[in-house]
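FYI, it's all coordinate maths here, none of it is from the lab. If you're wondering where the values come from, they're calculated on a predicted model, not measured in any experiment. Please note: Cβ atoms are built from the backbone with ideal geometry, for glycine as well, and neighbour counts cover all protein chains shown.
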Amino acid sequence: MRYVEAGGARVSVIGLGTWQFGSTEWGYGREYGDRVAGEIVRRALDLGINLVDTAEIYGLGRSERIVGEAIHGRRDDVFLATKVFPVGLPFMTGSRARSSARRLGVEAIDLYQQHWPSPLFPPGATMPRMRRLVDEGLVRHVGVSNHDLAQWQACERALGGPVLSNQVRFSLVARGPERELVPWAKREGRIVVAYSPLGQGLLSGRYQSSPPANFRRFRGDFSASARARREPLVAALREVAELHRASAAQVALAWLVRKPNVVAIPGASSVRQLEENAAAAELALSDEDVKELDRLSA
């Protein structure tokens, strides 16, 4: 496994996203939450993945509880990230962080992120409370999610220190973050965390003939016209994958984590998929591979 080091943190370039844990909309069934999810977390740690990302809103706290049970006895192996949803008054930030820590079974959260910009309260209302959590030792690093560069920088000013990371939708079908966020993160020693790094499965090539059966089928990216439009990119991913004896999904992840200060947090429906994702960290794409993928995804 490879790692990114920034701001005193050491984070695996391939992490584990856990939106699926305890969330019924994915349709994975009860056994997934009761058994498989924990197996995925433990196998991730075995493979050197240390970034495990969850949120209070995932399964209304159930994802945090599943993660907490899975990492029991292995706290030192994990860079644990969770998120506070910006609904409620800013003074509630501390109590909600403590609730997340209790569900996770930890004394400190490595990365506590504001899930979205608040529609009601500016950074000056929330970030000083995040700073207090750092000063108290409950939180080690502050992050944000779904923020543009100006919003990220405003949070830094309000915090009075580095906001270590920004978790954003980033993939070959969502390349916006590479325009401003990635160059700034590289220059300032911050981290861009890519969620939906496979376009929620689109880039795996599994859904070219038909959309997924769960809620994703209603998303624009999975319409028949969108899938047809992306066929040249998916075909190129398959061709590059064949050259490297890899999968299309691994190539898509390798394209992302080749970029400086970028880490990816794909989810996993099985231990096997988790292992495939982890192996992408060691996949070295050529400049020609990247150039062709860039051209087809522009």
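Remarks
- Here the range 37-101 yields Rg over Rh of 1.01, to two decimals, using C-alpha coordinates and the Kirkwood radius.
- A simple packing score, the average count of other Cβ atoms within 10 Å per residue, orders the peptides 98-107, 167-176 as 167-176, 98-107, with the highest score first.
- Alpha-carbon Rg with Dmax, taken over the range 166-247, Å: 14.6, 43
- Gained length - Arg169 relative to Leu60, 0.36 nm times residue gap less alpha-carbon distance: 37.1 nm
- Within the straight-line cut-off of under 17 Å between alpha carbons, the lysines reachable from Lys186 are Lys259, sequence neighbours fewer than 8 places apart in one chain being disregarded.
- Summarising the strand pairing of the chain, around 15 percent of its internal DSSP beta bridges are antiparallel.
- Full extension of the segment from Ser286 to Met1, taken as 0.36 nm per residue of separation minus the current Cα-Cα distance, would add 100.7 nm.
- Proximal aspartates and glutamates relative to Lys83, as straight alpha-carbon distance under 15 Å, when same-chain residues fewer than 8 apart are discounted: Asp53, Glu56, Glu64, Asp110
- Largest to smallest principal axis extent of the C-alpha atoms in the range 1-77, angstrom: 36, 22, 19
- What the Cβ-Cβ distance of Gln273 and Arg98 gives, at R0 = 30 Å and to the nearest 0.05, is a FRET efficiency of 0.35.
- Using alpha-carbon coordinates, inclination of helix 123-136 to the longest axis of the chain, degrees: 70
- In nm, spacing of pseudo-spin labels at Leu243 and Arg157 (7 Å Cα→C-beta vector): 4.5
- Reference-scaled alpha-carbon Rg (2.2 N^0.38 Å with N residues) for the chain: 0.96
- Tilt relative to the chain, helix 149-159 - C-alpha long axis, 0 to 90 degrees, to 10: 20
- Contour excess over end-to-end distance, with Cα ends at Glu180 and Phe121 and 0.36 nm allotted per residue: 18.8 nm
- Taking one quarter of the surface of the convex hull spanned by the alpha-carbon atoms of the range 200-273 gives a direction-averaged projected area of 5.7 nm².
- From its DSSP helices (H runs of at least four residues, each -39,500 (n - 2.57)), the chain gives a residue-normalised ellipticity at 222 nm of -11500 deg cm²/dmol.
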